[in-house]
Amino acid sequence: MRVEEIMTRELVYVNPDTSVVEAAKRMKSANIHAVLVLQEGRLVGIVVDRDLVLKVLAEERNPNETMIKEIMTENPITVEPETDVIEAARLMKEHRVSRLPVVEQDGRVVGIVSEVDFPTIISKLE
């Protein structure tokens, strides 16, 4: 099975100069736990809800003045749509991430895959 068969295609993204508050509102509105960070159409980072807690709230930063570029994980681990789901699960486990952006060879982001998309595969790797 390939990643493109299980990935989420509806993407929520922000740019690096988006405020943390705006990103959080988009996450809430879409009922998701991560937003992709795109600049000029290219993936430059990812922000997960844990980043909001640990890098903003726990550090007592002002979420209206803190920009996504200050807290995002730059150059996230990615997979291509043709990547086997076992390989994607292995990458998630190896890098201790719960989401992988899915990127075409030309750099275009086409989806995101989360560990909740294939729990039985991940449990077999343990």
### Query
Being assigned to a strand (DSSP E or B), over 16 Å from the mean Cα position of the chain (by Cα), surrounded by 11 or more Cβ atoms within 10 Å (Cβ to Cβ) and in contact (Cβ under 8 Å) with a residue 60 or more places away in the chain, is that true of even one residue in the stretch 104-125?
no
### Task
Tell me which residues, restricted to the stretch 15-29, are among the hydroxyl-bearing types (Ser, Thr, Tyr) and under 16 Å from residue 39 (Cα atoms).
18, 19
### Query
When the residues of the stretch 1-35 are filtered to those that are among the hydroxyl-bearing types (Ser, Thr, Tyr) and over 14 Å from residue 110 (Cβ atoms), which remaining residue is surrounded by the fewest Cβ atoms within 10 Å (Cβ to Cβ)?
29
### Query
If you go through the stretch 90-101 one residue at a time, do you hit one that is in contact with a strand residue (DSSP E or B) (Cβ under 7 Å, 6 or more places away or on another chain) and surrounded by fewer than 19 Cβ atoms within 10 Å (Cβ to Cβ)?
yes
### Query
Which of the residues belonging to the stretch 50-65 are within 12 Å of residue 23 (Cα to Cα) and under 19 Å from the mean Cα position of the chain (by Cα)?
51, 52
### Query
residue 82: modelled with pLDDT under 90 and under 20 Å from residue 4 (Cα atoms), yes or no?
no
### Task
Residue by residue through the stretch 39-66, note down the ones that are in contact with a Pro (Cβ under 9 Å, 6 or more places away or on another chain) and surrounded by fewer than 17 Cβ atoms within 10 Å (Cβ to Cβ).
39, 57
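Starting from residues that are of a type in the set (D, E, K, R) and part of a strand (DSSP E or B), keep the ones in the stretch 40-75 and report whichever is farthest from residue 104 (Cα to Cα).
For the stretch 40-75, the residue satisfying everything is 74.
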### Summary
When (1) surrounded by fewer than 14 Cβ atoms within 10 Å (Cβ to Cβ); (2) touching a helix residue (DSSP H, G or I) at 6+ places or on another chain (Cβ under 9 Å) are applied to residue 79, the one that fails is (1)
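The values are calculated or read from the model by the stated rules, or taken from the named source; none is laboratory data. Note that the structure is a prediction, hence the values are computed from the model and not measured. A quick note on method: Cβ atoms are made from the backbone with ideal geometry, for glycine too, and the neighbour counts reach across all protein chains shown.
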